[in-house]
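One structure is given here, and the rest of the page talks about it.
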Amino acid sequence: MALLTEQEKIAAVGSIRPIRSRNFALTVPALLLLVVFFILPVVSLLLRSVMEPEPGLQNYQALLGSTTYLKIFLNTFSVSALVTAVTLAIGFPVAWALAIMPKRWASIVFAVLLLSMWTNLLTRTYAWMVLLQRTGIINKTLMGLGLISEPLPLVNNLVGVTIGMTYIMLPFIILPLYGVIRKIDPAILQAAALCGATRWQALSRILIPLAAPGMVSGALMVFVMSLGYFVTPALLGGTANMMLAELIAQFVQSLVNWGMGGAAALVLLVVTLALYAVQLKLFGTARMEGR
Amino acid sequence: MTFLQIRGLRKDYGIVTAVRDVNLTVERGEFMTFLGPSGSGKSTTLYILAGFENPTAGDILLNGDSLISTPSHKRNIGMVFQRYTLFPHLSVGENIAFPLKVRRLPKAEIDAKVAKMLKLVRLEGFEDRKPAQMSGGQQQRVALARALAYDPPVLLMDEPLSALDKKLREEIQHEIRRIHQETEVTILYVTHDQEEALRLSDRIAVFSKGVIDQIGTGPELYANPATRFVAEFVGDSDFVDCRVLSAQNGRADIAVGSSLTIRGVPMHGRAAAGGAAALMLRPERLSLARGSVGQGSANLAATVTDITFLGSNIHVAAAAETGEALSVRLPFGHEAASSLSRGDTVSLGFDPASAHVFSA
């Protein structure tokens, strides 16, 4: 903004034109990159969804009219919702602990969180496969302790997908939540305690409402990212609970049906944008200022 | 039975001792202020009372029952904090109703109490405002209403006015006094501002380095400070180095410089004959005369270094013969002061009985 007003001042003197065009020129490489490698392919994919094999909406009819595909949609949403709920349930206490623990400890925990984010996604997913499989460490340990008599089915099913995706999504909910919780004065919770609120009452009536903006933005981010997730469900999930991204990949790679793939992609895009609009409407500008 | 009793309270943080040995009894309905500089242990003592800190040793008895093992939310104590601690997502009315709601009182009773509290702090008509829409002074008044809504036996106040400007502070000090009189709640008030302490309190406990140096009413502390620290912290004071010649029955004969001997000065602490001590004088109790007065009486010779006109009184800074910087407060219109100028030699007289000697 400051840059713009500066430019406006220069404009008043009359020497604006070369500067503005030069600044605009700086954005051209990035814009070109976006247009050529992102916008054009997306548009062409979407076009193919109404053009192939022949012009019309028959791809969408097939997609939305078949129970098989609707099941996949439903599964995608329920897995995403489940992952979001579990991530929130695990992430909230972590974010709270980070906000109140000594700075030195918090920076160590952050380092661990970020380090895991920087590690290759495929590596992390394969690591979970090793841990969760029938002969993996988790099953072996539980059996060794005598807690179970035969291996638990932890992979190639909903359990595996939920564990793997929750782990990957955690930082995306912890970071925004941490930002919100850190701004809450601990004295407010002390005041609540002296007012007679039990820990649970202070949590449910004070801390959670105050952290709500961070919870919603984090949860929406996780939910939207989960909707389009491919690697983790493909590796840790079973055929019984296929997700939308897997379906798109199958249409394009195995069936070479660009029309159906494009249609599924558009449905995903529309849902994502709609959710983003909801978030903007709820928490975009008016946050907690008591409006 | 004593209403509130603090016995042998001690709090260690690792190798640092914040509170060493605090003993105190408070009567029901009393306004007791903890006065002291930061780090003197006054806030730590208050936080132990609130249950936010556990004492290393000692006990707190309310009506004879120990509070130590009771968690904060069951102590039924009210508190107003230094920072603004209203719940930002709740309206003023909801903030005041919060302690009543967590106690699961019937709605009609809550509504009546909220209205009563708003009236008490003179904020009727504000119940639908959000804290962010109110000034700092208004927010602290709501905090006061919230802390009193459940009729706590004790109200703790931790420097509640330190974030406000001077004028507003005085206004709310009046409000606090009025509310104390109306509700007859027992108040423990923490401040580092001696003027605030003197204005508000029935009694003041002066904290220094983790212990209470002295407990008394404002006039008692001012007229008869138990330690040099109390003398310095409550009111303005001048100190002159001296030597104790002899001491008995709480009075000392002292020598200042080489030639001046003063007899019968109230003495605090122990000092053997010949020991070093400090003579404490109040700036407004000093009389000033031009030139030098004869030897032998309680008169200090000094040279004027600065004169400041402060409206109702005139502040004269002077250097004693022995080197100490002294300050003298004279009423406006004082005869000798009107023609005084820097470098003049003056004689500062005082009544030995109103002075104090503190052993070094």
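Some observations on this one:
- For the pair B:Asp65 and B:Asn224, the difference between a 0.36 nm per residue extended length and the Cα-Cα distance amounts to 53.8 nm.
- Ligands, DNA and RNA left out, the 1.4 Å accessible surface of the protein assembly as shown is 60% carbon and sulfur atoms.
- A:Arg124-A:Val35 pseudo-label distance in nm [points 7 Å out on the Cα-to-Cβ vector]: 3.6
- Residue among A:Leu142, B:Gly41, B:Ile15 farthest towards the positive dipole end of the protein assembly as shown, charges placed on Cβ: A:Leu142
- Here B:Lys209 is the anchor, and the aspartates and glutamates within straight C-alpha reach of less than 20 Å, apart from those fewer than 8 places off in the same chain, are B:Asp12, B:Asp21, B:Glu53, B:Asp59, B:Asp158, B:Glu159, B:Asp193, B:Glu232.
- Peptide B:67-76 shows a mean partner chain C-beta count of 3 within 10 Å per residue C-beta.
- Considering only A:Ser49, A:Ser116, A:Ser226, the Gaussian network model of chain A with Cα springs below 10 Å gives its largest mean-square fluctuation to A:Ser116.
- Between B:Phe31 and B:Ile187, B:Asp202, B:Arg203, the built amide H atoms are under 5 Å apart, and every one of these is 5 or more places off in sequence or on another chain.
- Peptide B:99-107 is shielded by partner chain Cβ atoms: per residue, an average of 3 of them sit within 10 Å of its Cβ.
- Kirkwood-type radius of segment B:135-276, with distances r between different C-alpha atoms, in Å: 17.9
- Across segment B:199-214, rounded Karplus estimates of 3J(HN,Hα) from the backbone phi angles (6.51 cos²θ - 1.76 cosθ + 1.60, θ = phi - 60°) give 5, 8, 8, 6, 9, 10, 9, 8, 9, 8, 6, x, 10, 8, 6, 6 Hz, Gly and Pro being marked x.
- Projecting the Cα atoms of B:Phe207, B:Asn63, A:Phe230 onto the charge dipole of the protein assembly as shown (Cβ charges, centred on the Cα centre) puts A:Phe230 farthest toward the positive pole.
- Between B:Arg103, B:Arg28, B:Arg146, the Gaussian network model of chain B with springs among Cα atoms under 10 angstrom shows the greatest mean-square fluctuation at B:Arg103.
- Ranked by the mean number of other Cβ atoms within 10 Å per residue, highest first, peptides B:311-321, B:332-342, B:79-89 order as B:79-89, B:311-321, B:332-342.
- When the pairs B:Lys74/B:Lys101; B:Lys42/B:Lys74; B:Lys101/B:Lys130; A:Lys281/B:Lys130; A:Lys281/B:Lys101; B:Lys113/B:Lys167 are compared against a 25 Å limit on Cα-Cα distance, A:Lys281/B:Lys101; B:Lys113/B:Lys167 fall above it.
- Chains B and A together bury roughly 2000 Å² of accessible surface, counting both sides and using a 1.4 Å probe on protein heavy atoms.
- Estimated purely from DSSP H runs of n ≥ 4, each contributing -39500 (n - 2.57), the mean residue ellipticity at 222 nm for chain A is -24000 deg cm²/dmol once divided by its residues.
- Residue-averaged [θ]222 nm for chain B, counting only DSSP H segments that reach four residues, each worth -39500 (n - 2.57): -7000 deg cm²/dmol
- Using a Förster distance of 56 Å, the FRET efficiency for B:Thr261-B:Glu182 (Cβ separation, nearest 0.05): 0.55
- Normalised per residue, the accessible area of chain B is 45 Å², obtained with a 1.4 Å probe and no contribution from ligands, DNA or RNA.
- Estimated FRET transfer efficiency when R0 is 25 angstrom, pair A:Ser66-A:Ala234 (beta carbons, to 0.05): 0.70
- Contour minus Cα-Cα distance for A:Ala81 and A:Ser149 (0.36 nm per residue): 21.3 nm
- Gyration tensor verdict on the protein assembly as shown (Cα atoms; rounded if a/c is under 1.5, prolate if a/b is larger than b/c, oblate otherwise): prolate
- Average beta-carbon neighbours from other chains, 10 Å sphere, peptide B:82-88: 6
The values are calculated or read from the model by the stated rules, or taken from the named source; none is laboratory data. All values derive from a computational prediction rather than experimental measurement. As a convention, Cβ positions derive from the backbone with ideal geometry for all residues, glycine included, and neighbour counts pool all protein chains shown. Note: areas computed on protein heavy atoms with side chains; ligands, DNA, RNA excluded. Shrake-Rupley method; radii C 1.70, N 1.55, O 1.52, S 1.80 Å.
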